[in-house]
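Asker: Supplied in structure tokens, the structure appears directly below.
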Amino acid sequence: MKNILKLLMVFLLPLLLINACRDEADRDWTSPEPSFKLYDTTLGANTLYPSMENNPFILTWDNATTGSGSYSVVISATSDFKNKVELAKSETNTLKTTIGALNTAMLQAGLSPYLAQNAYIRIERGTQVSNAVSFSVTAYPTGKPVITNPTAGSALVLDATKPTVTATTFKWSDYTYGVNVSYNVEIAASGSTAFLLVGNVQNSKELAVSNFDLNELASKLSLPVNVASNVDVRVSATSESLGGVITKTSDVVTFKLTPYKPDFKALYLVGGGTAVRWDASKAQLLYQNQNISEIYTYLENNGEFRFLGQQDWNPINYSLNADGIKDGYKYFATWSSNLEKSGDENIKFLGNSGMYKITIDQNTKSITVTPSANPALPTNVYLVGSIQGWNAGAAIAMDQVGDGEFEYTIAIPADGEFKFLGQQDWSGLEWGNIHAGGNSGYLGPNGDNNNIKYAGTGGLYKITANIKMGTYKVTPL
């Protein structure tokens, strides 16, 4: 019998040891049994706001049964406390802190701002832990974005040959918000507070910027071309909740930026289907604003035209980059559907005869032709403005001196402003300085103009409006 018992012990003991090891391995050591009691608490509100930052937050618990030293109050986003953050230490069985400190600790523990989530708190001292207390809470953001690209001291050289290609992508890290967040990316000359907006994105943590757009900003910052200059970049995050609007701005990162001098071309319109016909010496210069060249002018159905680099046939000509066009003339990569190549040099206009807006983007080498808001040439043109009291009913009839060309002689004061009308009221046709107020010499129709501004001397001036050409001129007499 003794031998049988011995044999049974030999077989059973290893099995008991194996099972004990399994129990030991299966134990969740991040969630040990509580040794003392943490009393439940309340925040007073489930949604926290910055205005609560200094409100008190109090915890109490029973004294630990053994051990000595400080108590550590820890917070976690999960009940197993696998990733925990210390809120504070206490020498007694009470902790009095603030909602602001609690909010910061919850964010550090991985809770997202503006999103209702459970937070877990327990007390630790040595190997002893309390029970966990949990509550649903919505935290507010306290940290700021951190720029990850560009890095401090890095260099970016803009490429003039690839204006539309992405020069760089600004990137940053930030919270995962529970509401929409708007990010502004701004740059300034290093050390300056005069930041310019690069761009805005919603809920994204990156912004791609082209060579051209970044070069334009460098120009506005008065950075020298072909020279590496220090530039500061910052990112601001703006979020909104019932508690109000919160904006957090990153630290600046300084990098080196080398801009280029844009090589925008003067473009002159010429052709049998245009107002100047085939007279290169009168080729029509387009209005230019950086990469955009444009004009409101007359085009004839099935009429041909092209562009020159000067008021002469040589040396530069521009046409469509299409099969059959002379290699030296090829320029426009894309064009609107009312255009097609004609012969080996020209562009043919397929629309109805009338007034059109020609728009050329030199960055993309595209040309589009769209109808003007005033598609027909007027029978009469009238002058209205400060020079006659802005009285449209008494607008001055101008003298017609050519096809679509009108003129009138009048005194212009130092702060003279005026427009052209197609009738003696404001209800119909009008033309003014293209896009905005000024004295560019180019006309814009209804919806794309503002006052022509001319600083006269009080003497007489001849005002000429060439509606067909899309231009105006003021000549002192």
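Asker: Restricting attention to the alpha-carbon atoms of the range 50-137, what are Rg (one decimal) and Dmax (integer), both in Å?
Answerer: Final numbers for Rg and Dmax: 12.9, 40 Å.
Asker: So which GluC sites (Glu not before Pro) in the range 257-339 pass both tests, a DSSP loop state and at most 13 other Cβ atoms within 10 Å of the Cβ?
Answerer: none
Asker: Starting from the Cα gyration tensor of the chain, multiply each eigenvalue by 5, take the square root, and state the resulting semi-axes largest first in whole Å.
Answerer: 76, 30, 20
Asker: Check each of the GluC sites (Glu not before Pro) in the range 103-206 and keep only those in coil by DSSP with at most 10 other C-beta atoms within 10 angstrom; list them in order.
Answerer: none
Asker: Compute the whole-percent fraction of alpha carbon pairs in the range 268-371 spaced more than 16 Å apart.
Answerer: Looking at the range 268-371, the distances longer than 16 Å represent 52 percent of pairs.
Asker: With just the Cα atoms of the range 198-342, tell me how far they stretch along each of the three principal axes, in Å, largest first.
Answerer: 66, 40, 28 Å, listed from the longest principal axis down.
Asker: Once phi is turned into ³J(HN,Hα) by the Karplus curve 6.51 cos²θ - 1.76 cosθ + 1.60 with θ = phi - 60°, what whole-Hz value does each residue of the range 146-161 show in order, with x for glycine and proline?
Answerer: Each residue of the range 146-161 in turn: 10, 6, 10, 8, x, 8, 4, x, 6, 10, 10, 9, 6, 9, 5, 7 Hz.
Asker: Could you check how many percent of all C-alpha pairs in the range 155-209 are farther apart than 18 Å?
Answerer: When every Cα pair of the range 155-209 is considered, 47 percent fall beyond 18 Å.
Asker: Taking only Cα atoms, what is the 0 to 90° angle, nearest 10, from helix 211-220's long axis to the longest principal axis of the chain?
Answerer: Roughly 80 degrees between the two axes.
Asker: So what is the orientation-averaged projected area of the range 382-476, using the convex hull of its C-alpha atoms, in nm²?
Answerer: That works out to 5.2 nm², a quarter of the Cα hull's surface.
Asker: For the range 358-399, place one equal point scatterer on every Cα, skip the solvent, and apply the Debye formula. What is log10 of I(q)/I(0) at q = 0.18, 0.19 Å⁻¹?
Answerer: -0.68, -0.70
Asker: With an 8 Å Cα cut-off and a minimum separation of 6 or more residues, compute the relative contact order for the range 72-189 in percent.
Answerer: Result for the range 72-189 is 23 percent.
Asker: Enumerate the calculated ³J(HN,Hα) couplings along the range 460-477 in order (Karplus 6.51 cos²θ - 1.76 cosθ + 1.60, θ = phi - 60°), each rounded to whole Hz, writing x wherever the residue is Gly or Pro.
Answerer: 7, 9, 9, 9, 10, 10, 9, 4, 5, 8, x, 9, 9, 8, 10, 10, x, 10
Asker: Follow-up. About the Cα centre of the range 50-137, how large is the charge dipole given +1 on each Lys and Arg Cβ and -1 on each Asp and Glu Cβ? Please answer in debye to the nearest 20.
Answerer: For the range 50-137, the charge dipole is close to 80 debye.
Asker: Moving on to the next point. Quick one: which residues, 5 or more positions from Phe135 or on another chain, have an amide H under 5 Å from its amide H? H modelled 1.01 Å from N in the peptide plane, none for Pro or chain starts.
Answerer: For Phe135, whose amide H was placed from the backbone, the distant partners under 5 Å are Ala119.
Asker: May I pose another question? Using +1 on the beta carbon of Lys and Arg, -1 on that of Asp and Glu, and nothing else charged, what's the dipole of the chain about the Cα centre, debye to 20?
Answerer: With only Lys, Arg, Asp and Glu charged at Cβ, the dipole is about 1140 debye.
Asker: A 28 angstrom limit on the alpha carbon distance is what I want to check against. Which of Lys171/Lys365; Lys265/Lys357; Lys261/Lys365 exceed it?
Answerer: On the way: Lys171/Lys365 30 Å; Lys265/Lys357 19 Å; Lys261/Lys365 18 Å.
Where the Cα-Cα span goes over 28 Å, the pairs concerned are Lys171/Lys365.
Asker: Can you give me the Cα centroid spacing of the range 198-226 and the range 380-415 in angstrom?
Answerer: Centre-to-centre (Cα) distance: 43 Å.
Asker: Also, I was wondering about something else. Taking N as the number of residues in the range 146-258, what value does Rg over Cα atoms divided by 2.2 N^0.38 Å take? Each step should come with its number before you reach the end.
Answerer: Values: Rg = 14.5 Å, N = 113, 2.2 N^0.38 = 13.3 Å.
So the range 146-258 has a normalised radius of gyration of 1.09.
Asker: Can you work out the Karplus-derived ³J(HN,Hα) for every residue in the range 183-195? Use 6.51 cos²θ - 1.76 cosθ + 1.60 with θ = phi - 60°, whole Hz, and x for glycine or proline.
Answerer: 10, 9, 9, 10, 10, 8, 4, 3, x, 8, 9, 8, 7
Asker: Using only the alpha-carbon atoms, how far is helix 2-26 inclined from the longest principal axis of the chain? Give it as 0 to 90 degrees, nearest 10.
Answerer: 30 degrees
Asker: Between the range 449-474 and the range 155-187, what is the separation of their alpha carbon centroids in Å?
Answerer: Their Cα centres are 43 Å away from one another.
Asker: Give the lysines reachable from Lys453 as a straight Cα distance under 19 Å; neighbours fewer than 8 places away on the same chain don't count.
Answerer: Lys419, Lys462, Lys473
Bear in mind these aren't lab numbers, they're just calculated from the coordinates by the rules spelled out. These numbers come from a predicted model, not from an experiment. Positions of Cβ are generated from backbone atoms using ideal geometry, with glycine treated the same way; all protein chains shown enter the neighbour counts.
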